[in-house]
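The values are calculated or read from the model by the stated rules, or taken from the named source; none is laboratory data. All of these numbers come straight from a predicted model, not from anything done at the bench. We place every Cβ from the backbone using ideal geometry, glycine too, and count neighbours over all the protein chains shown. These area figures cover heavy atoms from the full protein model, side chains too; ligands, DNA and RNA do not enter into them. Shrake-Rupley method; radii C 1.70, N 1.55, O 1.52, S 1.80 Å.
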Amino acid sequence: MAGAAAAGGIGDKVDWRLAAPLGLTYLAFFAAPFAILLGISFYADAEQTRLGLDSWTKFYGDAFYLKVILDTLKLGVFAVTATTLLAYPLALLFRAVGPRAQRVLIFIILMPLLTSVVIRTFAWIVILAREGVVNQTLLALGITAAPLNLLQTELGLVIALTQIEMPLMLLPLLTVMNQMDQNLVDASRALGASKWRTFFRVILPLTLPGWVAGATLVFASATTAFISQSVIGGARLVYLPALIWQQSMVVYNWPFAAVASLTLLFTVLAGIMALGWLGRFARTG
């Protein structure tokens, strides 16, 4: 008994020592800045001379800023939806082709991650401009009579973010889909289920953990994509990252910027928690 207790004590010490670097890193790079940010948000003026809730009441009492929160959430939802609609067909294609084609697809999927997001975002300006590839193609096919305004619109931003964030959705989905037992799919088809019924009743539930992981990454990345939101969306579309930058670097109202920063953090966390709840609900449902 004494030996077991001693062994348990040693094990506890080893566990604590192993966890200490991670805990100290967490305190240094997250908890401490978060505490400072929270403290700054309770200053009532930009000069940080008096305490108060003025910054909080100004932010949440203004319909414009509430709309900014809603638009930021909506952008994340649109990005997740668009990447999901494109990722599943690509993942099914990846599963159906041979090893050589899979290697080619993996290279194509990973290639955007090897390019700077700034370069990819500016490339979309060329693609979505009035004289860009998209408008010239639509005009050549006779689909539109005049060039469409895609830059500085929510549609253009979602299109760009879909391509930029696609690897974050595809990689977790491919990992889970490759582990799926093909016999289950074959059994569903042998029992008379259609391709759509097999997808919704077999493939989708089995790949849901991969989708939740990918959706979490896409949502968090899209809602905080300051560069893409600023370059593609322009000044006409205001989201929380741009608002934070404006208040902190242009207006120099750090308490208000701190409130907006904390709001963005809680907004992203709420979306992640909702996706996690959705995944648990689907697995138990």
Go through the range 185-257 and name the trypsin sites (Lys or Arg not before Pro) that are in a DSSP coil and have 15 or fewer other Cβ atoms within 10 Å of their Cβ. 236
Given Cα pairs under 8 Å that are at least 6 residues apart, what percent is the relative contact order of the chain? 26
Can you send over the carbon and sulfur percentage of the accessible area for the chain, probe radius 1.4 Å, protein chains only? 71
Of the peptides 57-70, 260-273, how do they stack up when ordered by the mean number of other Cβ atoms within 10 Å, highest first? 260-273, 57-70
Divide, for the chain, the radius of gyration over alpha carbons by 2.2 N^0.38 Å, where N is the residue count. 1.27
May I ask you to order 90-96, 217-223 by the average number of other C-beta atoms within 10 Å around their residues, highest value first? 217-223, 90-96
Within the range 68-105, whose backbone N sits under 18 Å from a point 7 Å along Cα→Cβ of residue 186? 95-99
Could you give the size of the charge dipole of the range 119-224 about its Cα centre, using +1 on the Cβ of each K and R and -1 on the Cβ of each D and E, expressed in debye and rounded to the nearest 20? 240
With the 1.4 Å probe rolled over protein heavy atoms, the chain has an accessible area per residue in Å² of 58
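Sort 168-177, 133-142, 245-254, 204-213 by packing, meaning the average of other beta carbons within 10 Å per residue, with the highest value first.
Working: 168-177: 22.3, 133-142: 12.4, 245-254: 14.7, 204-213: 19.0.
Per-residue mean Cβ counts within 10 Å order the peptides as 168-177, 204-213, 245-254, 133-142.
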